[in-house]
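First up is the structure itself, then whatever we jot down about it.
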Amino acid sequence: MEQRVARWITHIVGYSYIVAAMLIALIWFIVSIANGDFDILLSTTTFKVIFWGLLYIFSIYLMYSLKGKNIKRRLASWSFSVLFHVSLLLYIAIVFDAGVAAFIIGIPETIIIFLSSIGLASCIWSHYQHHNGRAISNG
């Protein structure tokens with residue numbers, strides 16, 4: 001189940017407005033630098049976009065590389081995914097004063113939060129079943 005959910009999450013990223021916005025920002029930064037506007041490199045907006053962009057890529061990498069990992073890594077990956085996407089949407093809601101609209105505009109992220117929660121629960125449940133099953137079979 002975890003593998004299926006992780007695969008769905010990596011596919012949903014393609015439908016994200018936030019990913020599209022980050023790509024547009026990247027193009028804007030490149031064009032600005034090409035036009036000689038090097039002040040953009042010192043902009044706090046640039047740092048924020050790079051920060052959130054790298055965390056987004058890391059989050060998707062954790063989902064993409066989940067197969068065959070141990071329980072600690074899987075729990076950390078699912079937990080990071082839930083916390084990161086909730087934080088991203090809350091940041092957008094607060095900074096852009098979007099409120100609940102951030103969760104509607106960010107519907108792919110909202111779905112990722114839901115699926116990551118399912119993945120986390122599935123990971124915990126499978127570990128619990130495996131641990132208890134082994135304890136029962138050992139008598």
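Structure summary
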{"read-out": "Matching residues in segment 67-107 - criterion: being crowded, with 19+ Cβ neighbours inside 10 Å and over 10 Å from the mean Cα position of the chain (by Cα)", "value": "Arg74, Leu89, Ile92, Ala102, Gly106"}
{"read-out": "Verdict on Ser137 being hydroxyl-bearing (Ser, Thr, Tyr) and modelled with pLDDT under 85", "value": "yes"}
{"read-out": "Some residue of segment 118-129 being buried (at least 16 other Cβ atoms within 10 Å of the Cβ), under 27 Å from Thr45 (Cβ atoms) and of a type outside the set (Asp, Glu)", "value": "no"}
{"read-out": "Residues of segment 3-17 that turn out to be modelled with pLDDT of 85 or more and farther than 19 Å from Gly53 by Cβ, as a count", "value": "6"}
{"read-out": "Residue satisfying all of: in segment 30-61; more than 28 Å from Ile113 (Cβ to Cβ) and surrounded by 11 or more Cβ atoms within 10 Å (Cβ to Cβ); farthest from the chain's Cα centre (by Cα) among these", "value": "Asp37"}
{"read-out": "Verdict on Ile92 being in contact with a His (Cβ under 6 Å, 6 or more places away or on another chain), among the aliphatic types (A, V, I, L, M) and closer than 23 Å to Ser16 by Cβ", "value": "no"}
{"read-out": "Residue pairs meeting the criteria (Cβ under 6 Å; at least 6 apart or on separate chains; first among the β-branched types (Val, Ile, Thr), in segment 109-138; second at pLDDT below 95 and assigned to a loop (DSSP other than H, G, I, E, B))", "value": "none"}
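The values are calculated or read from the model by the stated rules, or taken from the named source; none is laboratory data. All values reported here derive from a predicted model rather than from experimental measurement. Every residue, glycine as well, gets a Cβ built from its backbone with ideal geometry; the counts of neighbours run over all protein chains shown.
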